[in-house]
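Taking it in order: structure first as structure tokens, then the write-up.
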Amino acid sequence: MLHVVIIQDTGILQKYLRKIPVSGNKKRYLCLEEESSDNGVLLEKEGFLEITPPQFNDDFKKEFLLEYVNLVGSIGLEFNSRRWWGTDIASKNRFTSVLPYLLHQFIKVIQVLRNEDFDVLIILNPPRHIVIALKEFLRKNGINHDCLGERGDVIAKMGLQISRRILAVLYNTVKISILTVYAKTKLRESIKKLSSARVPFYVVKTFVYNHSFSENGSYKDVFFGILPDYLKKNNKEVLIYAAILGNYRYCLAKIKHCREQVIIPVEALLSLTDILQAAVQIFCRFSVRKEHLFFENEVNSIVNSLLIETFNGLKYYQFLHYWSTKRLVEFCSIDTFLLTYENNPWEKMCMTAIKEYSPDTAIIGYQHTVVPQASANMFVSCKEKTIMPMPDKILTVGTAPKEIMERYGNYDNGEIEASCGLRFEYLFKIPASHRTRTGNILIVLEGIFEVYKMVNYVLKELKDHPQYTITIRTHPVLPIERIRHKLETDLALITNLYFSKEQSLRYDVEKSDVIVYWGTTAALEALSMGKPVIHFETGFILSYDPLFECRHLKWTVSEKDSLLKVIEEINSLPDEDFYQRQRQAKEYLGTYFHPITDKNLQKFILK
């Protein structure tokens with residue numbers, strides 16, 4: 001008879017093996033995440049062999065994506081409330097929602113269990129959110145099982161998470177209250193002018209950083225580029241409605257003295273009542289009650305575990321956008337509301353308020369960046385299509401992302417239209433570079449902790465080959481110190497390793513032969529410059545590669561592949577072949593990002 005042991009605390013593993021004799025011809029163990037080598041040695045001494053988690057092909061990955069999108073849509077049908085649309089789970093954002101990761105781990109175990117290539121199977125340290133669902137699967141299939149180290153561990157970890165969440169909400173309540181008073185005081189005159197305006201506004205919802213302002217105080221929008229100026233030239237009364245992500249005091253001073261644009265921060269429109277009301281609603285519990293299936297397996301417990309631990313996954317500041325936008329509508333008339341389109345909670349809070357209090361306002365969503373396969377937030381389920389807050393029109397940076405969104409989403413014909421790459425105007429000005437074979441390899445990191453896996457891989461492959469120079473370009477939000485404890489090699493001992501100190505990505509790319517990346521948009525700039533790019537595949541079920549449909553001058557490696565062989569393959573390409581691939585890559589990017597022209601800019605004016 002099959003027997004499964006789920007061990008959530010590896011400290012219990014030794015006690016379990018010592019106290020309970022494990023019999024069976026096929027003794028196996030499964031590690032879903034990185035595991036201590038000591039545990040592997042211990043298990044192998046007891047006759048256990050490790051099961052390699054199943055690998056999924058591209059067809060299954062597409063099926064997984066559709067199942068995931070439909071699952072979230074099904075839950076949306078059950079809730080369909082402002083609080084649901086404000087959750088990380090509903091957003092499907094690959095950086096903030098861990099649900100796809102948990103579903104991936106769950107499906108891995110299910111596949112192993114269905115293969116039944118064991119008498120005894122030990123599952124080490126599965127994510128605690130999936131344990132109840134695993135136990136339910138084992139029970140339904142009549143598989144004898146034990147779960148060790150569950151209750152105390154789960155309660156302690158969830159208690160810690162909930163405590164942190166409570167403190168974070170209380171802290172942010174005070175912080176935003178102070179910022180609100182400060183913004184209202186500093187921008188009193190601007191708010192008065194806003195409320196006395198006699199013409200409707202074209203509102204551009206965006207983000208403000210320190211670098212949004214030049215030294216002389218002029219403003220350039222980070223996400224919409226020249227569009228605000230273009231709208232003004234076309235007789236639109238433009239209002240920049242902004243979330244400040246730079247230094248608050250510095251940016252507010254710049255906003256106050258800006259003469260080119262009317263800029264109002266989100267906080268300046270809030271009342272203290274709004275702030276308290278949002279905080280209270282965050283603490284109101286809700287949970288999934290109807291049965292929701294993922295590949296025919298019930299996963300309610302996984303979703304509910306996330307909702308409990310994260311207080312529904314509501315981001316307080318993003319949630320507040322509903323009340324702020326509601327106040328904006330009360331202050332002034334709005335004919336068009338333009339915002340970035342990534343299905344983030346703050347976007348849906350803004351759209352909900354507009355649709356409730358200014359239904360005649362046209363809403364335009366702008367897909368402003370890349371759309372990798374993992375961007376499930378860009379794909380809409382047919383189940384939630386009619387109920388989710390959506391723009392009236394979605395404009396993309398080009399044809400390629402439009403087709404990706406239509407392929408994986410359930411958009412109506414004509415709902416999405418290709419416009420232009422407002423943030424990527426510089427790509428059209430970059431000439432293709434000449435081929436180089438200097439041995440310079442550039443690793444471009446993004447601000448995601450998991451990039452340490454790529455760093456480990458590249459260093460393991462190249463550190464003992466002095467003919468190659470490795471340059472690491474870190475992301476501003478993730479300095480190398482943040483991941484140093486996860487690196488397998490002492491960086492100080494690697495003589496051919498350097499860290500970029502250049503502000504310009506273009507400079508680093510120009511002096512390199514090859515660029516290695518995971519999911520950063522820097523890969524597009526490198527490819528536009530004619531540089532070969534190598535995508536590092538982490539093994540996650542969905543691709544983070546922004547060039548996942550590009551086949552030109554791009555290679556893919558995983559931890560099992562030889563990076564040296566790939567680099568040698570690139571270097572050995574005949575020049576004719578190399579430059580042909582370079583041209584094809586440039587042509588692909590031309591479909592991904594359309595140029596900024598009057599015709600394309602005119603698409604942003606619906607009224």
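The values are calculated or read from the model by the stated rules, or taken from the named source; none is laboratory data. None of the values given here were measured: they were computed from a predicted structure. Cβ placement follows ideal geometry from the backbone for every residue including glycine, while neighbour counts extend to all protein chains displayed. For accessibility, only protein heavy atoms count, side chains too; no ligands or nucleic acids. Shrake-Rupley method; radii C 1.70, N 1.55, O 1.52, S 1.80 Å.
May I ask you to list the residues in the stretch 347-365 that are open to solvent by 10 Å² or more (accessible area, probe 1.4 Å) and within 25 Å of Ser97 (Cβ to Cβ)? Scanning the stretch 347-365 gives Thr352, Lys355.
Show the residue pairs that are 6+ apart or on different chains and have beta-carbon atoms under 9 Å apart, the first residue being within the stretch 72-89 and closer than 11 Å to Gly313 by Cβ, the second being open to solvent by 50 Å² or more (accessible area, probe 1.4 Å) and of a type in the set (Asp, Glu). Correct list of pairs: empty, since none qualify.
Residues of the stretch 98-152 that are under 30 Å from Ser543 (Cβ atoms) and among the β-branched types (Val, Ile, Thr): Val98, Ile107, Val109, Ile110, Val112, Ile123, Ile130, Val131, Ile132. For the stretch 56-73, the count of residues that are farther than 28 Å from Asn456 by Cα and among the small types (Gly, Ala, Ser) is at least one. Counting only helices (runs of 4 or more DSSP H) that sit wholly inside the stretch 489-593, those with at least 2 residues that are open to solvent by 20 Å² or more (accessible area, probe 1.4 Å) are 505-510, 563-571, 575-592.
Quick test for you: out of Leu606, Leu564, Leu542, pick the one residue that is within 25 Å of Lys511 (Cα to Cα) and of a type in the set (A, V, I, L, M). Spell out the reasoning first.
Working: Leu606 fails: within 25 Å of Lys511 (Cα to Cα); Leu542 fails: within 25 Å of Lys511 (Cα to Cα).
After ruling out the rest, the residue left standing is Leu564.
Across the stretch 190-221, the qualifying residues are those that are within 27 Å of Lys348 (Cβ to Cβ) and among the aromatic types (Phe, Trp, Tyr), and the one among them that is surrounded by the most Cβ atoms within 10 Å (Cβ to Cβ) is Tyr202.
Yes/no per residue for (1) within 28 Å of Thr369 (Cβ to Cβ); (2) among the aromatic types (Phe, Trp, Tyr):
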{"site": "Val174", "(1), (2)": "no, no"}
{"site": "Thr185", "(1), (2)": "no, no"}
{"site": "Leu194", "(1), (2)": "no, no"}
{"site": "Val199", "(1), (2)": "no, no"}
{"site": "Phe213", "(1), (2)": "yes, yes"}
{"site": "Val222", "(1), (2)": "yes, no"}
{"site": "Arg249", "(1), (2)": "no, no"}
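Those helices (runs of 4 or more DSSP H) of the stretch 283-364 in which at least 1 residues are of a type in the set (A, V, I, L, M, F, W, C) and under 22 Å from the mean Cα position of the chain (by Cα), considering only elements entirely within it, cover 300-309, 316-319, 345-357.
In the stretch 423-439, the residues that are among the polar types (S, T, N, Q) form Cβ pairs under 7 Å with partners that are assigned to a loop (DSSP other than H, G, I, E, B) and surrounded by 15 or more Cβ atoms within 10 Å (Cβ to Cβ), at six or more places apart or across chains, as follows: Ser433/Met529; Ser433/Gly530; Ser433/Lys531; Thr436/Asp513; Thr438/Asp513. Criterion applied to Gln105, Gln111 was being out of contact with any strand residue (DSSP E or B) (no Cβ under 6 Å at 6 or more places or on another chain), in contact (Cβ under 8 Å) with a residue 12 or more places away in the chain, surrounded by fewer than 17 Cβ atoms within 10 Å (Cβ to Cβ) and part of a helix (DSSP H, G or I), and the one residue passing it is Gln111.
Yes or no: Ile334 in contact (Cβ under 8 Å) with a residue 24 or more places away in the chain, surrounded by fewer than 20 Cβ atoms within 10 Å (Cβ to Cβ) and among the β-branched types (Val, Ile, Thr)? No, not satisfied.
In the stretch 203-229, the residues that are closer than 19 Å to Lys607 by Cα form no Cβ pair under 8 Å with any partner that is of a type in the set (Gly, Ala, Ser) and loosely packed, with under 15 Cβ neighbours inside 10 Å, whether six or more places apart or across chains.
Cβ-Cβ distances below 8 Å connect no pair with a first residue in the stretch 252-264 that is part of a strand (DSSP E or B), a second residue that is surrounded by 14 or more Cβ atoms within 10 Å (Cβ to Cβ) and basic (Lys, Arg), and a separation of six or more residues or different chains. Counting only residues that are polar (S, T, N, Q) and open to solvent by 20 Å² or more (accessible area, probe 1.4 Å), the stretch 381-417 holds 4 of them.
Considered as a group, the residues in the stretch 95-126 that are within 19 Å of Asn297 (Cβ to Cβ) and more than 32 Å from the chain's Cα centre (by Cα) include one that is modelled with the highest pLDDT, and that residue is Leu121. Selection of the stretch 250-262 for residues being among the charged types (D, E, K, R) and either at pLDDT 95 or above or crowded, with 19+ Cβ neighbours inside 10 Å (or both) yields only Lys254. Restricting attention to the stretch 191-206, does a residue exist that is modelled with pLDDT of 95 or more and of a type in the set (S, T, N, Q)? Yes: one or more hits.
Of everything in the stretch 1-18 that's β-branched (Val, Ile, Thr) and assigned to a strand (DSSP E or B), which residue is surrounded by the fewest Cβ atoms within 10 Å (Cβ to Cβ)? Quick ask: steps written out before the conclusion?
Initial filter on the stretch 1-18 (β-branched (Val, Ile, Thr)): 4-7, 10, 12.
From what's left, assigned to a strand (DSSP E or B): 4-7.
Values: Val4: 23, Val5: 21, Ile6: 23, Ile7: 23.
Step by step, filter the stretch 1-18, then rank; the result is Val5.
Within the stretch 87-101, restricting attention to residues that are surrounded by fewer than 21 Cβ atoms within 10 Å (Cβ to Cβ) and among the hydroxyl-bearing types (Ser, Thr, Tyr), the residue that is farthest from Asn377 (Cα to Cα) is Tyr101.
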